[in-house]
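Working notes, beginning with the structure itself.
Laboratory data are not the source of any read-out in this text; all were calculated from the coordinates shown. Nothing here was measured: the structure is a model prediction, and the numbers come from that model. Heads up, the Cβs are rebuilt from the backbone with ideal geometry, glycines too, and the neighbour counts pull from every protein chain shown.
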Amino acid sequence: MPATYWRTKGEFDTLRPVETFPLLFDLGSRKPTTRDVANVVRTGGTAALTEAERRADQARYQEVACRSALNRVKGMPFEWTLNPYRGCTHGCHYCYARRYHAQFEMNADDEFASVILVKKNFVEVLTRELARPAWTGEYVAVGTATDCYQPIEGHYKLTRGALAALLKARNPTGIVTKGPMIVRDRDLLIDLSRVTTCTVCISVPTVDEHAWETLEPGTAPPLKRLRAVRELVDAGIHAGVLMNPLVPAFSTSLGKVERTIKAIADHGARFVGCNVMFLEAGTRTHFIGFLAREFPAMVPRFEKLYVNKYAPKEYRKQIQGMVRLLQQRYGIGSDRYDDAERDPRSVETEPEQVGFAW
Ligand code: SF4
């Protein structure tokens, strides 16, 4: 049974009884683990995370203790990833990481973008792991599951701490983000680039304002992200753009793709890669729900296009061919990023052909 605590609420300090679950309070100074959080949420929903702090962006942030920082992954072009936060206030409707929130008993809709887990001890755990004799300095990809430069990074600086640890270990590093805040860490990225492999991938699927506002409600404007690319490249860092994902009907027209690639070229990106959106379990439900609310007429077409997780191979080939041609036209490609090697979002299995072209 939940215990009842008294706490103050609001400006006038009105005392009111709050049903909460004792687990988080019984841990003393120890932060809960993600498993503790999942147990609490399973019983009482996210309302039971009474230690979670609400900040100016209206998201709630729950500090947790992680047991490991380096996360081994399978089926990716690299074996290790780092994600200091779980959940992402950028709230992109197509985000494939939405479904991961289910691991913490939270939903892939609002809770993915509004209840963020912060791994408070992330940097010290990573530092220990990188110092282990068994660690062989394999490539580590930062920010693959949720954005490592979402706004709360300005407060916790966990990504910055992780980069400092990777620099100290001279560990090959890649970063994927939509957050222009990455320029804050230019000093570390310059030093990393001097001693090892360091690749920065800024995600800018499109410069089309409508598609951006509609699909990526919490992110910085695309041109602000491209200015970050320019700053990093000018500082000598290997930085480029991933147009991931291109979303059928929203950002795949020739005109929109050409404007985007021209803007990417104008900002000096060292490489560009792209992929067409894919929809997995939790993300699919969220995305179709979003369409049903905002663009109901589109639902049947998306359901036809996404009979499977991936859009049909022929369709993806058409889009990727168009991007390649435009890359050549605008001169991005000689130092092209090999997205099959580094981009986790480029990993695909063969989809079934459904013979549909948008
Ligand atoms: S910024 Fe990345 S991790 Fe965050 S919601 Fe968008 S796609 Fe997902």
Check: Percent relative contact order of the stretch 158-269, based on C-alpha pairs within less than 8 angstrom and at least six residues apart?
Finding: 29
Note to self: For a quick check: with amide H placed at 1.01 Å from N, whose amide H comes under 5 Å from Trp80's, ignoring anything fewer than 5 positions away on the same chain?
What the structure shows: Val73, Ala141
Next item on the list: Return the subset of Lys262/Lys317; Lys31/Lys119; Lys119/Lys157; Lys74/Lys178; Lys74/Lys157; Lys120/Lys157 for which the Cα-Cα distance in this structure is over 19 Å, preserving the input order.
Entry: Lys262/Lys317; Lys74/Lys178; Lys74/Lys157
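Taking a ≥ b ≥ c as the square roots of the eigenvalues of the Cα gyration tensor of the stretch 48-160, is the shape rounded (a/c under 1.5), prolate (a/b larger than b/c) or oblate?
Prolate is the answer for the stretch 48-160, as a/c is 1.5 or above and a/b outweighs b/c.
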Check: Using modelled backbone amide H atoms (1.01 Å from N, in-plane), which distant-in-sequence or interchain residues come within less than 5 Å of Val272's amide H?
Finding: Val241, Tyr337
Next item on the list: Rounded to the nearest Å, what's the spacing between the alpha carbon centres of the stretch 216-233 and the stretch 146-199? Just the number, please.
Entry: 16
Check: Going by average Cβ neighbours within 10 Å, how do the peptides 304-315, 194-205, 289-300 rank, with the highest at the top?
Finding: 194-205, 304-315, 289-300
Note to self: How many angstrom lie between the Cα centre of the stretch 66-112 and the Cα centre of the stretch 252-311?
What the structure shows: 20
Notebook entry, point to check: Which residues' amide hydrogens lie under 5 Å from the amide hydrogen of Val115, considering only partners 5 or more residues apart or on another chain, with H built in the peptide plane?
Noted result: Arg60
